[in-house]
Each structure stands twice: as C-alpha cells, then as structure tokens.
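Just below is one structure, and these are the notes that go with it.
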Amino acid sequence: MFKRPAISNQKLISKSAYAIALLVPFISLFGETKASKIISSENEFFVENKLTESLKFNHQSNHNIFNLNRVNFLISEGKNQNDKNTIVEEQRVLISEIIIEGLEDHPDKERLEVIAYDAMLIRPGSKVTSEDVKNDLDRIYSTGWFSGAKIESLQSAIGVQLLIKIEPNPILNNISIIPLERKLSNTKINEIFNNDYGKTLNLNTLQIRIKEIKDWYSNQGYSLARISGPSRVTKEGGVQLNIQEGYIAGIQINFIDEDGNTEDEKGKLIKGKTKKWVIERELITKVGDIFNRNKLESDIKRLYSTSLFNDVKVTLKPVSSEPGKIIVSLGITEQRTGSLTGGLGYSGGQGVFGQIGLQESNLVGRAWSSNMNLTYGEYGALLNLSLFDPWIKNDKYRTSLRTSLYLSREVPQEFRSQDGGSIRGVTDRYEAPNSLISYDTNQSQKLDVNDDNTLIETGPFTNLSSAQLSAPQFSWFDYEGDSIVLERTGGGFSFARPLNGGQPLKKVPWSVLIGANFQKVKPIDYAGDKRPYGVASTNFLDGKVPEKEVICVAYNCSTENTLVSFKSAVTYNNLDNSRNPTSGDYLNIGSEQFFSLGENSPTFNRTRVNYSRFYPVNWLKFHKGCRPKPGEKSDCSQSIGFQAKIGTIIGDLPPYEAFCLGGASSVRGWSSCDLGVARNFGEATAEYRFPIWRLVSGVLFVDAGSDFGSQSNVPGKPGKILEKPGSGFSVGPGAVINTPVGPIRIEAATQDLSGNWRYNIGIGWKF
C-alpha cells in the first residue's frame, strides 16, 4: 500500500509511517470512477477496467462522476442558486490522504506506485472537485503502465482519503501479429521489441514500437501497410497486433491522348499502338502482390527506358468491397516512334558522305526497332536493313534478337595510309616462276631476255597476254590505279540474354551472346570491275615493283570470298552509368569462328578481349556541383578510367579481316588503321574525365598500341608495304558536349609527342 498523508511539504513518508495510519471505519464518500485510455496507431481506445481472461478494448469511456455532497468536508462557499445571474461554483473537499493499492505482489511495485502518484496533480491537503479527481485518473492512464484503475473516497477522522486501486499491465512476454503470412519476419519483430520483453507493458512504448514497424514497412516500400491494435492483451503478457499490408487486386492500363483524354469522341476507350503485353512484361508489380512503392517506381523507370512513352501516370484506387486491397491504374501516353533523318558527315572509309535513315522503334506495337539506312560517300556506299527485338515474346530470360541485311561498298582502311600511300587495283597479273620483280604492262621496259645478258627494250603491251607471250620468264601486272573497294553482301543474326536465372527483370551484370553471319566479299574498283590484286602506289617506280609487293587483296587471290562465321561473347557490366560511368567494371570476351565452304572460303578464328575500369575522383572542381555547400548533394561526374584490349587471329586470314590499329576508338593520334594492320594487337588507354559546365565535360588521355610484330604475318603485308609503324602512343585533351542526339566528342592527339596532331570528332565517349 502506498500512502501520501496531508503534510505541509508533501514529501513521501517512510514505510514505517504506513503502520500508523488511522484505524477508522472507511465510509465511501465518492463511490468509484473508472476510465482506461490508450492511443493506438490510428484511433483512441478506452479499456474496460475489469480484468478478465484477457484485456479487451472498446471505444466507450466509462467515467463515473464523483459524489462530493458530504457537508463535513465542503470547502467552497455556496452561491444563491435561485439567482439566474449567479454562477454556481462546484464545491471542493479537502484531501487528507492518498492511498495506492493493487501492486502488492508486483515485481515493479515501488516504481509503478511512484509513477501513478507523480502522474496526479492532487496532493494531500489539496482542495478538489470531482472533475479534478477525474482528470487525475486520466493522467494515471496516460502513463501507459496500467490496464485498470478506480478511485474511491473514504472518510477519515482528519478528512477525505482517496483510495486509488490500480491494475498494472502484464509483463510483456510475446508479440503476435496477424496475419501470420506477412512481409515482417518474426526475427524483425523480436529485434524491435527485444528491450521490452520481461518488463511491464507500457502502452505508450507500445505505440513507439508500432511506429517502428510502420517505418520499417515504409522504408521497404510497402507504403500502404496499416498497423492497428493491440487487439488483444492477455494476462500472460501476450500482445496481438493486426497488419493490413495492402494487396494489389488488379492492374489497369489506359491509353491517354495528347489532350489527356482516355476516351475518343464516340466515348470509347482510346486504343494505343503498343500491345498491352509489352507494357505488362516490364512490370515487377503483379496482381496479388503486396503493393510496393519502390517496385512500382522501378517499373515506371523501365517503361520510360523503352523510349515508347511520353508520360506514365499512376493512380491507386481502393476496392470498396475488399478493404486493404487496391487497383493500380496506369495512364500511358505514347510518343511518336517513327523518324526520318538525314545528314552529312566524314569518315576515313567513305570520305565525305551523305546519309538518310528511316527508323521505327515500335513496329506493329511489339517494341521492335526497325532501321533502313542509306549512306553514299566519296569512296563508298552502304545500304543496311535491320530489325531488333529487345525481348522475344514469352521468353523468361529476356532474350533479344537482332537481324540485319546489308550491301556495302567501302575503301578498306587496311589498304590506305594518312600520308597518301594506298594499295591500288591491278586489272590482271601473271606470275613467272622464281621471279623477284613484277613489271607493269603499261610502261616500256628494258628486260634481259637473252642468255648473253643482252638488254632489249620491249613494251608497253596492250594486254597481259601479249606481255606473257613476249617475256614469260618475267612477272607482269596490268596496273589500273584506282583505289580498291570491298563490296560486301550478306546478313546475320544474334541472340543475347542476361544470365538472370529466369527472372527477366532482375538486373544482373553477366550476359551472353551467340550468332551467325554470312557474307560475300568482292574486291572491285569504282566501276564495279573485279580487282583481286593490288600494288602500293608509293613503291611504284619505273614500272616495276618487288614481286612480293603485288598482293592478293582477297583470300586465295580469288575474285570473291565467302565468309561464314559463328560468334559468341560473354559480357560483365556493373558500370554505374551506361553513358558516362564513374565507377565499375566492364569486360567483354568475344570469339568468331569462320568456316570454309569451298576453296575460296577461309577458315580462321578471331578472338578479342576488352576490359574497362573506372574510379571516382574529385580533383578539378570547375563545375559547381563539385563544390557542394553544406547540406547539398554532390553532382560531380568525375573519374579516372582505364581500358585494355587484346586480340589474336589464327588461321587463313584475308588481309581485309586483320585488326586495325589507330583511329578515334583506338590510338587517337593516328587515323583509322594508320598505326598498324595486325594479326595480333594490344591497346591501353588511361583517361581522366571531369565536368566543366552543365553540358560540357573535359578529358585528358593517353593511348598506346602495338601489333606485337605481327604485321609481317598478315597475308600480303599491307601494313608493312604502306610503312605503318605498328606501335605508338598518343597524348591529348578533349571535350564532350552533351546534346539531344548524344555526347559529341572533340579531341586533339599527338603522335608519339612528335608535334604531329590529329583531330577527332565523334559520337559518345571512347569507352
């Protein structure tokens, strides 16, 4: 029993003082009043003070008004109640003592008695009304420690005693959450309530824990989850909570026109071009799932990434007949997917060229991308038809398909050099046994045709046959002088898919590719005439060249090669940004095996490895995003990037299929293929990228490459004949401008620090 007597300083008396309490008959003065109040997650509940098998919660207050009509202890003066203008003040009584009972066997008795007493404003010696008593009862309940409480008044010899009978909450032993099938694990529940087990249940603390559960659901994206209760509190210390996690009852897809309408003029729903299954397959969110805001946001990002839609609006509609369930409504605004483009440009293989392109990125509403490109340039032309399906229908691995048909005519850069050297076409050729020199039929020659070494003059000849008949012991060629053009006609296909284990929307770093390609390759001149041989114009002197420098342009010196290949590749990509990464790795290992279909069809293998690595840095701080103020988020896409590439070719290599060293995607101080034409190669690049302005980034780079001495192993040795160095490095600065068509790269690079500069303009970063 806990007592507070009427003493002037109102300090807590010692335990021995309880023994001298007045032994007088207790006479009920006030009767009893009851009220139990807790605050749940959403509503206020009042608790019955009667402790039965369990503590049950209802919504009704059970306040009884105290009867303070005992004249013995009236303090306030009565007013004339017959006077309508007189305000009647409620009468007050003097409290002589406060007694707290009900905690005799409780392990936390002393602390809870103090909590109950400290919650009250009434003290021994207080002059109170019934309203004051009722308010103090509410204050006791507001502590959260008690499941039941009532106050009785007792008359004593020295005044009115307040007898406060309280029932503490049980010791918390268990938290159960309904339903049992839920996202919140028992492990997480125990983690949240771990510090509360074995202690008296506090309803205020319970509300804090409920909020922690809400926060967990919110952080996980389950923003519609609702937690209510407790719906049950047992005497044994079991507490039951209820959760509605928010299930998706349906997903609606509606198409919206540019004016925001979902219906046409006839009141019918607008039919979009895109098949609904194309949209649905991009959604992780499914009917029957618990609604997750994070997943839905990812779904919306994937829909935008298809480049098929201008806008995606999300509306959540509750199901009136099924509380806790919603319908997700997607309002889709499609964008125009067809385009016609044209322009002018320059490339090493085609010189100045014009281009026209027709593209449709949502063919027949299946998200198929189809392209037709026609390029015509100074040195060649290209017609390419392609079709790309980013996700074959109903494929659980998200396999893509790419097909193409092409017809191209292009001057091969393997046969050209930036200093004006080139392999030029030869109309025909006759090779004499053991001949070291080959002669041009179109020029006069002084040839030793007699055993006595007599020199005679012969030629020019009208054709190769007459030269052969006149001097069969010498090799002859019929020089034309036009640049050699490679005509390629063919097509191919490839399948690619991520290694996602059958989870198509799971983002994984590994992917694989397999495919096949078929083409006919013809060396011709500008007129379209076949030219299977060539000589280096730079080594052409006095109508003769070394026999070894009359090269076969095609495999087997034929007028046409058939190339059939099967290719495979594996890729690892965990870059943080596909356009301008600042961290992560990229690895690609590819192999293409060519198979012979006849004597003019070579067999060889070409294998390449490409690896890149990026490290974020923050060195130069030109861009204000690299200098964030306190509390601001940094916006500084700055990194050091490294790239290494190696490759090898094994087998019967046609010279036009050799590796090219030099160019905007290789060693940038040289034009395309000007550094080397190789069977084996290695390249390395170090690049520092830093933002300068919102749309402009700077770059400093070092490139290096080598043929590992393999130019001599390429049939015909075009790299050696054209005196390409085979190895070198370049250093330079550059700038990248972000435009609607993509990043435009402008660079300047030196050749081996020799003072020779080359300037590049291209689309996108080098790697």
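Just so you know, all these numbers are worked out from the coordinates, no wet-lab data involved. Just so it is clear, the model here is predicted, and its values are computed rather than measured. Heads up, the Cβs are rebuilt from the backbone with ideal geometry, glycines too, and the neighbour counts pull from every protein chain shown.
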Next on the checklist: Per residue of the range 229-246, what does 6.51 cos²θ - 1.76 cosθ + 1.60 with θ = phi - 60° give for ³J(HN,Hα)? Whole Hz please, x for Gly and Pro, Karplus curve as stated.
Outcome noted: x, x, 8, 7, 10, 8, 5, 7, x, x, 10, 10, 10, 10, 10, 10, 7, x
Item to check | Geometric extent, Cα atoms of the chain - Rg, Dmax (angstrom) | outcome: 45.3, 163
Checklist outcome for this item: Protection proxy (average C-beta count within 10 Å per residue), highest first, orders 655-663, 352-360, 221-229 as 655-663, 221-229, 352-360
Checklist entry - What trypsin sites (Lys or Arg not before Pro) does the range 681-730 have in DSSP loop regions with at most 13 other beta carbons within 10 Å? => result R694
Item to check | All lysines inside 27 Å of K629 as judged from Cα atoms, apart from same-chain residues fewer than 8 positions distant | outcome: K621
Checklist outcome for this item: Scoring only Lys, Arg, Asp and Glu (+1, +1, -1, -1) among other residues with Cβ under 11 Å from the Cβ of A249 yields 0
Next on the checklist: Using only the alpha-carbon atoms, how far is helix 130-142 inclined from the longest principal axis of the chain? Give it as 0 to 90 degrees, nearest 10.
Outcome noted: 40 degrees
Checklist entry - Could you give me the ³J(HN,Hα) list for the range 529-544, computed from phi with Karplus coefficients 6.51, -1.76, 1.60 and θ = phi - 60°, whole Hz, x at Gly and Pro? => result 6, 6, 9, x, 10, x, 10, 7, 4, 5, 9, 7, 9, 6, x, 8
Item to check | Cut-off 16 Å (backbone N to label point 7 Å along Cα→Cβ of L505), residues of the range 263-288 | outcome: 276-288
Item to check | Set of lysines with alpha-carbon distance to K446 below 24 Å, sequence-local pairs under 8 removed | outcome: K544, K548
Checklist entry - Which ³J(HN,Hα) values in Hz, rounded to whole numbers, follow from the phi angles of the range 576-592 under the Karplus curve 6.51 cos²θ - 1.76 cosθ + 1.60, where θ = phi - 60° and Gly and Pro get x? => result 6, 8, 6, 8, 9, x, 10, 7, x, 10, 9, 9, 9, 10, x, 9, 10
Checklist entry - If amide H atoms are built 1.01 Å from N in the plane of the peptide, which residues on other chains or at least 5 residues away come under 5 Å of the amide H of D289? => result I248
Item to check | C-alpha long axis of helix 109-119 to longest principal axis of the chain, angle in ° | outcome: 90 degrees
Item to check | Normalised alpha carbon radius of gyration of the range 308-382 [divisor 2.2 N^0.38 Å] | outcome: 1.97
Checklist entry - Rounded to the nearest 5, what is the percent of antiparallel bridges among the DSSP beta bridges in the chain? => result 90 percent
Checklist outcome for this item: the range 112-184 and the range 201-250 have their Cα centres apart by a whole-number Å value of 25 Å
Item to check | Space enclosed by the convex hull of the alpha-carbon atoms of the range 174-244, per residue, Å³ | outcome: 84 Å³
Checklist entry - How big is the equivalent ellipsoid of the range 141-216 along its three axes, where each semi-axis is √(5λ) from the Cα gyration tensor, reported in whole Å from largest to smallest? => result 38, 11, 10
Checklist outcome for this item: Taking the range 221-349, the whole-percent share of alpha-carbon pairs separated by over 26 angstrom is 43 percent
Item to check | Residue-count net charge about I692 - beta-carbon cut-off 12 Å; Lys, Arg +1, Asp, Glu -1 | outcome: +4
Item to check | Expected 222 nm ellipticity per residue - DSSP helices of 4 or more, -39500 (n - 2.57), all of the chain, to 500 | outcome: -3000 deg cm²/dmol
Next on the checklist: Under 16 Å between alpha carbons, and skipping anything fewer than 8 positions from K183 in its own chain: which aspartates and glutamates qualify?
Outcome noted: E191, E212, D215, E245, D289
Checklist outcome for this item: Lys and Arg at +1, Asp and Glu at -1: neighbours of E747 with Cβ under 14 Å from its Cβ sum to +3
Item to check | Ranked by how many other beta carbons lie within 10 Å on average, peptides 257-268, 470-481 from highest | outcome: 470-481, 257-268
Next on the checklist: Between the range 640-668 and the range 310-384, how far is it from one alpha carbon centroid to the other, in angstrom?
Outcome noted: 32 Å
Checklist entry - So for the range 83-191: antiparallel DSSP bridges make up what percent, rounded to the nearest 5? => result 65 percent
Item to check | Protection-proxy order for peptides 624-636, 297-309, each taking the mean of Cβ atoms within 10 Å per residue, highest first | outcome: 297-309, 624-636
Item to check | Hull-based mean projected area of the range 338-390, where the convex hull spans the alpha carbons, in square nanometres | outcome: 3.7 nm²
Item to check | For the range 247-334, share of DSSP beta bridges that run antiparallel, in % to the nearest 5 | outcome: 60 percent
Item to check | Taking all pairs of distinct alpha-carbon atoms in the range 436-553, Kirkwood radius in angstrom | outcome: 18.5 Å
Checklist entry - What base-10 log of the normalised intensity I(q)/I(0) is obtained for the range 547-665 from the Debye formula, alpha carbons as equal point scatterers, at q = 0.14, 0.24 Å⁻¹? => result -0.76, -1.31
Checklist entry - Per 5 Å bin, what percent of the C-alpha pairs of the range 578-767 does each bin hold, from zero upward? => result 1, 8, 14, 16, 16, 14, 11, 8, 5, 3, 2, 1, 0, 0, 0
Checklist entry - Counting only residues 5 or more places away or on other chains, whose amide H sits under 5 Å from the amide H of S126 once H atoms are built in the peptide plane? => result I95
Next on the checklist: Taking the 0 to 90 degree range and rounding to the nearest ten, how far is the long axis of helix 203-219 tilted relative to the main principal axis of the chain, both from C-alpha atoms?
Outcome noted: 10 degrees
